[in-house]
1. Using a Förster radius of 25 Å, what is the FRET efficiency between VAL124 and HIS37 based on their Cβ-Cβ separation? Nearest 0.05, please.
2. Could you order ASP96, ASP141, ASP150 so the one with the most accessible surface comes first? Probe is 1.4 Å.
3. So, taking all protein chains as they sit and a 1.4 Å probe, how much accessible area belongs to LEU155, in Å² rounded to tens?
4. Give the distance, in whole Å, between the Cα centre of segment 96-146 and the Cα centre of segment 13-34.
5. Any idea of HIS108's accessible area? Nearest 10 Å², probe 1.4 Å.
6. With 5 Å bins from zero, work out the P(r) of segment 96-141 over every alpha carbon pair and list the percent per bin.
7. Sort ASP54, ASP23 by accessible area with a 1.4 Å probe, largest first.
8. Can you give the net charge of the other residues whose Cβ lies under 11 Å from the Cβ of ARG56, counting K and R as +1 and D and E as -1?
Amino acid sequence: ERTRYSVPASYANRPVSLRVYADRLVVAAEGNLICEHKRVIERSHDTIGQTIYDWRHYLAVLQRKPGALRNGAPFTELPVAFKKLQTELLKKPGGDREMVEVLALVLHHEEQAVLAAVELALEVGVPTKMYVINVLHRLLDGKAEPPPVDAPHALRLVTEPQANVDRYDDLRNERKVRHA
């Protein structure tokens, strides 16, 4: 069918087995399933075919070469929230590296949790890696926002402080007091 499917970059130039089903392709290596793609079938045999990418497969490459994020073919299909964050981060120096570190969170956490954290960061208007990580950890910990603190009405100032310049001058003057 001339259609190509991506595998994780760590399996490049290594033997893998392909299991072809009617609706999907499953790639296995070393006894483990490493990825799965929805099968694309085109009946015209005179076309050159297409390449089906999964951006998650190239995260290891991105960590070594963050510039590939700007014009790499696998990264044209990023989810919308990641694309918006990328647009914001690329306006700053070092934005490539920050975006790669945000995408790398998918290696350690569920993709939906990372996407939710990115969406919250964009909604608040703080599109930074540190804020996304902070929100992600708060989401994963399950802790809600702390309730606002209301000071009790019993806490009132009874005696207003008065400016006492003489007392200040006494503190400045050197006294010959010996402390034990």
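1. Numbers: r = 35 Å, r/R0 = 1.41.
For VAL124 and HIS37, the calculated efficiency is 0.10.
2. ASP150, ASP141, ASP96
3. Per-residue accessible area (LEU155): approximately 130 Å².
4. The distance from the Cα centre of segment 96-146 to that of segment 13-34 comes to 31 Å.
5. Using a 1.4 Å probe on the heavy atoms, I get roughly 150 Å².
6. Spelled out per bin, shortest first, that is 5, 27, 36, 25, 7, 0.
7. ASP23, ASP54
8. On the way: positive: none; negative: ASP54, GLU77, GLU111.
Taking every other residue near ARG56 into account, the sum is -3.
The values are calculated or read from the model by the stated rules, or taken from the named source; none is laboratory data. Keep in mind it's a predicted model, so treat the numbers as computed, not measured. Here the Cβ is made from the backbone with ideal geometry for all residues, glycine too, and neighbour counts use every protein chain on show. These accessible areas exclude ligands, DNA and RNA; they are computed on the full protein's heavy atoms, side chains included. Shrake-Rupley method; radii C 1.70, N 1.55, O 1.52, S 1.80 Å.
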